[in-house]
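Colleague: Please read through the structure below; I'll follow up with questions.
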Amino acid sequence: MNIIVCLKQILDPDIPGRDFKVDPLAKEAVRGSANLVTNIFCENALETALQCKEKIGAGKITALCFAPESGEDVLRKALAMKADEGVQVLNDGAPNPDPLLVARVLAAAIRKIGTFDVVMVGRESGDWGVGQTGGLLAEELGVPYVGFVDHIEANGSGVKLKRQTDSGFEIIEAQTPLVISITNDEHNVPRVPKTRDVMMSFRQTLTKWSVGDLGVDTSESYYEVAELGIPIKESACEFITGDTLEERVGQLAEKILAVKRAL
Amino acid sequence: MNVVIVFFAKNGFDRAAQGVAGAGRRLANELGIKMQAVIIGAADAALMEATQGVADGVTIADQAELHEYQPELYLSAVTQICQGLAPQAVLLSNDTYSQEMAARLAYRLGGSAAGDVTAIVVSDTHIRAYRSVYGGKAEAVIELKRSPAVLWIRARAFDPAPQHDSTAEVTHAALTLPPAPTRIVERKSEAVSEARLEDAQIIISGGRGLGGPEPFEELKALAALIGAQVAASRAACDSGWCPPTWQVGQTGKKVAPKLYLAIALHGASQHLAGMSDSKMIAAINTDKDAPIFKHCKFGIVEDYRKVLPLLKEKLAAANK
Ligand SMILES: Cc1cc2nc3c(=O)[nH]c(=O)nc-3n(C[C@H](O)[C@H](O)[C@H](O)COP(=O)(O)OP(=O)(O)OC[C@H]3O[C@@H](n4cnc5c(N)ncnc54)[C@H](O)[C@@H]3O)c2cc1C
Ligand SMILES: Nc1ncnc2c1ncn2[C@@H]1O[C@H](COP(=O)(O)O)[C@@H](O)[C@H]1O
């Protein structure tokens, strides 16, 4: 099975709220001293792809990233996790291009990569949380789309997918090629690459294309960020005090019971 | 032009559907246009009546192939119906299927989509959507540049629509559907008997600090004493201590109970994004600087292992 995994580089989503700032004019987060990292759901996707390949014992995994120069780190890490190849489309334009443009760039890169059975994306990105790239990409490529998948296996000439729903899960049989978005579950927690593989990843060559190479029309605007701000929503916590633990828990219980009685 | 609201019959006229109708009605009023409802699937009388009471017109597609959700068929059905309704905006709910469909529907209609929308405004002729970004640390206003604006909304964040006296007319759509290259062959619901987390009045939520699956059993016992439901952080779900359906947060359930009691749960912004609308938040955590306390009405800085047995005793005593 040939799998293309789309990986996005984002500002570390784990930076604490007090260190997080936005530039309201540029309508972007201020990077400050924060790291750039691979979006976690993309790593869940790569992990899902790797497990699928390991189970089948054949196939190729291509990591694809549309980002400025810094995006190389994402691909090196993907190679260290044991993706077979890395392709970067250099973004020398807007730092946060709109979702349709991203989908068009990725679709053009995928066509240039050639044949694929499955394209995987993360369910959403940890920065703008758009959650649309998979669907738009499927439309650009003219293939079906399934969201929120957490497991994939080969099934005859197609694939069998397990995906999460609001109340449980569904099993889906699908023909390939298709696009799927991956969500987290206990089985696709991304592996930590071995030191040796990290070293090896620096010897591999990455394929690099520009948006111009792909001939993508970048003129159309899908949406624009009109405003970006930080909502303030904190309250003063009453820390329950008392002489004994028993007494404190007693107060806690009372407060809980007061809510219950008021229902 | 119309505002179109999309219902999937299986969900009935639940709180989410009511929120969608409410959001749709307000937007239609602001734009000075009508609101059309689209129902996919076999609707029961209650859903039909409620929808006819809130919309100006109803189109239903209920042919056999559409009785159960199938991604490509539902997408095709909604697209075809919308194409006949000249939509300026299409509003969807926040269920899995609506989320899966929104971007593709926008693409097919030549519009633009935005998801997890908490407020909608009109600026000049453009529709703008409010949504939280950066894991709940910031809020953005997104201006949709193409029409229609296809929005899946955080439905419970919107007040229900008023019912009008008249009964909207119903059109039955008979559609030609494409072959389905994907097929849902099995559907499984966990704990069907339980009420939905989104509708819970009290939620007890456990984090990674619980350290294993067993403490979740204790949380369940505690919950049973006060009619609460149990939820979890992503870290706890990813550890396999509880099913993914329990996850609350940016990429989990969005809940707003009267009381949300977070136990051994840090309060990362991505978790807060799913529960900060709760009426009252409380926490048990060993770390007095855990961010969860910044959102709490009250809390205890203590090891949960010491608190739970006593708490259980006291809540049980109150039940007698
Ligand atoms: C794109 C993205 C989306 C995400 N979506 C979600 C989401 O939807 N939902 C979600 O929950 N997370 C989400 N996350 C993850 C989130 O950032 C946090 O990593 C996660 O919520 C942490 O879970 P936790 O609080 O249980 O664990 P931890 O951060 O490990 O916190 C454990 C807490 O337990 C306390 N503790 C430890 N031992 C005890 C004890 N004995 N007694 C009392 N307290 C104790 C500690 O002080 C600590 O505060 C997302 C992350 C990203 C990047
Ligand atoms: N610039 C990008 N490069 C590669 N993949 C991307 C990019 N942007 C989005 N994606 C993919 O789309 C998923 C969802 O992102 P989004 O729609 O932006 O929330 C991500 O998890 C990635 O798999």
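Colleague: I need the phi-derived Karplus couplings for the stretch B:263-271: 6.51 cos²θ - 1.76 cosθ + 1.60, θ = phi - 60°, integer Hz, Gly and Pro marked x.
Modeller: Ordered by residue, 3J(HN,Hα) equals 10, 6, 10, 5, x, 4, 4, 5, 7 Hz.
Colleague: Starting from a Cα-only point model with no solvent, please compute log10 I(q)/I(0) by Debye for chain B at q = 0.09, 0.10, 0.12 1/Å.
Modeller: The calculated log intensity ratios at q = 0.09, 0.10, 0.12 Å⁻¹ are -0.52, -0.63, -0.86.
Colleague: Give me the mean projected area, in nm² to one decimal, of the convex hull enclosing the Cα positions of the stretch B:204-320. Could you put the intermediate results ahead of the total?
Modeller: Numbers: hull surface 25.5 nm².
So the Cα hull casts an average projection of 6.4 nm².
Colleague: Please report, in cubic angstrom per residue, the volume enclosed by the convex hull of the alpha-carbon atoms of the stretch B:165-248. The partial results should precede the final answer.
Modeller: Values: hull volume 15.6 nm³, N = 84.
Taking the convex hull of the Cα positions in the stretch B:165-248, it is 186 Å³ per residue.
Colleague: Then there is this: To test your reading of the geometry: what angle, between 0 and 90 degrees and rounded to tens, separates the Cα axis of helix A:245-262 from the longest principal axis of chain A?
Modeller: The angle comes out near 80 degrees.
Colleague: Translational D (Stokes-Einstein, µm²/s) of the stretch B:129-277 at 37 °C and 0.692 mPa s when Rh comes from the Kirkwood sum over C-alpha pairs? Present the calculation step by step, with values, prior to reporting the outcome.
Modeller: Numbers: Rh = 18.3 Å.
So the translational diffusion coefficient is about 179 µm²/s.
Colleague: Top mean-square fluctuation among A:224, A:247, A:124, Gaussian network model of chain A, C-alpha springs under 10 Å?
Modeller: A:247
Colleague: Would you mind working out the magnitude of the charge dipole of chain B relative to its Cα centre, with +1 at each Lys and Arg C-beta and -1 at each Asp and Glu C-beta, to the nearest 20 Debye? Intermediate values should be presented prior to the final figure.
Modeller: On the way: 33 positive and 33 negative charges, 169 e Å.
Dipole of chain B, to the nearest 20 debye: 820 debye.
Colleague: If you build the Cα gyration tensor of the stretch B:176-223 and take the root of 5 times each eigenvalue, what three semi-axes come out, in whole angstrom, biggest first?
Modeller: Details: eigenvalues 257, 45, 22 Å².
Over the Cα atoms of the stretch B:176-223, the ellipsoid semi-axes are 36, 15, 10 Å.
Colleague: Work from the charge dipole of the stretch B:31-189 (Cβ charges, +1 for Lys and Arg, -1 for Asp and Glu, about the Cα centre) and give the residue of B:138, B:77, B:89 farthest towards its positive end.
Modeller: B:138
Colleague: Would you mind checking the pairs A:27/B:254; A:255/B:137; A:162/A:208; A:53/B:254 and listing those with alpha carbons more than 31 angstrom apart?
Modeller: A:162/A:208; A:53/B:254
Colleague: Name the shape class, rounded, prolate or oblate, that the alpha-carbon gyration tensor gives for the stretch B:96-154, where a ≥ b ≥ c are the square roots of its eigenvalues, rounded holds for a/c under 1.5, and otherwise prolate holds if a/b is larger than b/c and oblate otherwise. Working shown, then result.
Modeller: On the way: a/c = 2.20, a/b = 1.13, b/c = 1.94.
Oblate shape, in that a/c is at least 1.5 and b/c is the bigger or equal ratio.
Colleague: Mark the label point 7 Å from the Cα of residue B:29 along Cα→Cβ and return the residues of the stretch B:97-136 whose backbone N is within less than 15 Å of it.
Modeller: Zone members listed by number: B:120-122.
Colleague: Moving on. Rounded to the nearest 20 Debye, what is the dipole magnitude of the protein assembly as shown about its Cα centre when Lys and Arg each give +1 and Asp and Glu each give -1 at the C-beta? If you can, show how the numbers build up before the last one.
Modeller: Numbers: 61 positive and 72 negative charges, 133 e Å.
That gives the protein assembly as shown a dipole magnitude of about 640 debye.
Colleague: I need B:112, A:70 ordered by Cβ neighbour count within 10 Å, fewest first.
Modeller: On the way: B:112 29, A:70 11.
Starting with the residue having the fewest Cβ neighbours, the order is A:70, B:112.
Colleague: Can I ask one more? When a footprinting reagent is the concern and you count Cβ atoms within 10 Å, what order do A:66, B:7, A:116 take, fewest first?
Modeller: Numbers: A:66 25, B:7 28, A:116 21.
The most exposed by this proxy come first: A:116, A:66, B:7.
Colleague: Would you grab the residues whose amide H sits under 5 Å from the one on residue B:273? Only those 5+ places off in sequence or on another chain, please, with H modelled 1.01 Å from N.
Modeller: Under 5 Å from the amide H of residue B:273: B:250.
Colleague: Explain nothing, just the number: dipole magnitude of the stretch A:31-125 about its Cα centre with +1 on each Lys and Arg Cβ and -1 on each Asp and Glu Cβ, in debye rounded to the nearest 20. Kindly include the intermediate steps, with their values, before the conclusion.
Modeller: Values: 11 positive and 12 negative charges, 40 e Å.
My answer is approximately 200 debye.
Colleague: Summing -39500 (n - 2.57) over the DSSP H runs of n ≥ 4 in chain A and dividing by its residue number, what mean residue ellipticity at 222 nm do you reach, to the nearest 500 deg cm²/dmol? Intermediate values should be presented prior to the final figure.
Modeller: Working: 7 runs with 79 residues, N = 263.
Rounded to the nearest 500, it is -9000 deg cm²/dmol.
Colleague: Also: Can you work out D for the protein assembly as shown in µm² s⁻¹ from Stokes-Einstein, where Rh is the Kirkwood radius over C-alpha pairs, the temperature is 25 °C and the viscosity is 0.890 mPa s? Can you show the working numbers first?
Modeller: Values: Rh = 24.8 Å.
Value of D from the Cα-based Kirkwood radius: 99 µm²/s.
Colleague: Among B:268-274, A:213-219, B:53-59, how do they line up from the highest to the lowest mean number of other beta-carbon atoms within 10 Å? List each step's numbers first, then the result.
Modeller: Working: B:268-274: 24.6, A:213-219: 12.1, B:53-59: 21.3.
Highest mean packing first, the order is B:268-274, B:53-59, A:213-219.
Colleague: Which residue, B:151, B:197, B:177, has the most motion in a Gaussian network model of chain B that connects Cα atoms within less than 10 Å?
Modeller: The residue that fluctuates most here is B:177.
Colleague: What do you get when you divide the Cα radius of gyration of the stretch A:150-263 by 2.2 N^0.38 Å, with N the number of residues? Could the numbers behind the result be given before it?
Modeller: On the way: Rg = 26.6 Å, N = 114, 2.2 N^0.38 = 13.3 Å.
Ratio of Rg to 2.2 N^0.38 Å for the stretch A:150-263: 2.00.
Colleague: What percentages make up the Cα-Cα pair-distance distribution of the stretch A:38-188 when the bins are 5 Å wide from 0?
Modeller: Using 5 Å bins, I get a P(r) of 2, 9, 19, 25, 23, 14, 6, 2, 0 for the stretch A:38-188.
Colleague: Computed from the mean reciprocal separation of all distinct C-alpha pairs, what Kirkwood hydrodynamic radius does the stretch B:91-130 have, in Å?
Modeller: On the way: mean 1/r = 0.0915 Å⁻¹.
One over the average 1/r among Cα pairs gives 10.9 Å for the stretch B:91-130.
Colleague: Under a 5 Å amide H to amide H cut-off, with H placed in plane at 1.01 Å, what residues pair with residue A:238 once short-range neighbours are removed?
Modeller: When sequence neighbours closer than 5 places are left aside, the close amide H contacts are B:298, B:299.
Colleague: Right, next: So how tilted is helix B:304-319 from the main axis of chain B? Cα-based, degrees 0 to 90, rounded to 10.
Modeller: Its long axis makes an angle of about 80 degrees.
Colleague: So for the stretch A:28-154, taking the charge dipole from beta-carbon charges (+1 Lys/Arg, -1 Asp/Glu), which of A:42, A:78, A:154 sits furthest toward the positive end?
Modeller: Sorting the options by dipole projection puts first A:154.
Colleague: List the chymotrypsin sites (Phe, Trp or Tyr not before Pro) within the stretch A:201-244 that fall in a DSSP loop (any state other than H, G, I, E or B) and whose Cβ has at most 11 other Cβ atoms within 10 Å.
Modeller: On the way: sites: A:202, A:209, A:222, A:223, A:239; in loops: A:202, A:222.
Here the chymotrypsin sites (Phe, Trp or Tyr not before Pro) that fit, given the DSSP loop and packing criteria, are A:202.
Colleague: When the Cα centres of the stretch B:214-275 and the stretch B:148-170 are compared, how far apart do they sit, in Å?
Modeller: 30
Colleague: Over chain A, one equal point on each Cα, no solvent: what is log10 I(q)/I(0) by the Debye formula at q = 0.11, 0.12, 0.14 Å⁻¹?
Modeller: Cα-only, vacuum Debye calculation for chain A: -0.68, -0.77, -0.97.
Colleague: Right, something else. HN-Hα J couplings of the stretch B:156-169 from phi, Karplus 6.51/-1.76/1.60, θ = phi - 60°, integer Hz, Gly and Pro as x?
Modeller: Using θ = phi - 60°, the values come out as 6, 7, 10, 5, x, 7, x, 7, 9, 6, 6, 10, 5, 6 Hz.
Colleague: Arranged from highest to lowest average of other beta-carbon atoms within 10 Å per residue, in what order do the peptides A:54-62, A:105-113 appear? Could the numbers behind the result be given before it?
Modeller: Numbers: A:54-62: 13.9, A:105-113: 20.1.
Ranked by mean Cβ neighbours within 10 Å, highest first: A:105-113, A:54-62.
Colleague: How far is helix B:96-109 tilted, in degrees, relative to the longest principal axis of the Cα atoms in chain B, given as a value from 0 to 90 rounded to the nearest 10?
Modeller: 30
Colleague: If you plug each phi of the stretch B:218-235 into the Karplus form 6.51 cos²θ - 1.76 cosθ + 1.60 with θ = phi - 60°, what whole-Hz ³J(HN,Hα) values come out, in order, with x for Gly and Pro?
Modeller: 5, 4, 5, 4, 4, 4, 4, 5, 10, x, 9, 10, 9, 10, 7, 8, 4, 4
Colleague: Taking K and R as +1 and D and E as -1, what net charge do the other residues with C-beta under 10 Å from the C-beta of residue A:159 add up to? Intermediate values should be presented prior to the final figure.
Modeller: Working: positive: A:160; negative: A:117, A:153, A:173.
Combined, the nearby Lys, Arg, Asp and Glu give -2.
Colleague: What's the exposure ranking of A:7, A:79, A:245, going from fewest to most Cβ atoms within 10 Å?
Modeller: Lowest count first: A:245, A:79, A:7.
Colleague: Give me D for the stretch B:210-276 in µm² s⁻¹, whole number, from Stokes-Einstein with Rh from the Kirkwood sum over alpha-carbon pairs, 37 °C and 0.692 mPa s. Write out the running numbers ahead of the final one.
Modeller: Numbers: Rh = 12.0 Å.
Value of D from the Cα-based Kirkwood radius: 273 µm²/s.
Colleague: If you find the alpha carbon centre of the stretch A:1-79 and of the stretch B:1-17, how far apart are they in angstrom?
Modeller: About 35 Å separates the Cα centre of the stretch A:1-79 from the one of the stretch B:1-17.
Computed from the coordinates by the stated procedures, all read-outs in this text should not be read as laboratory data. Computed from a predicted structure; not experimentally measured. Cβ atoms come from the backbone with ideal geometry, glycine included; neighbour counts cover every protein chain shown.
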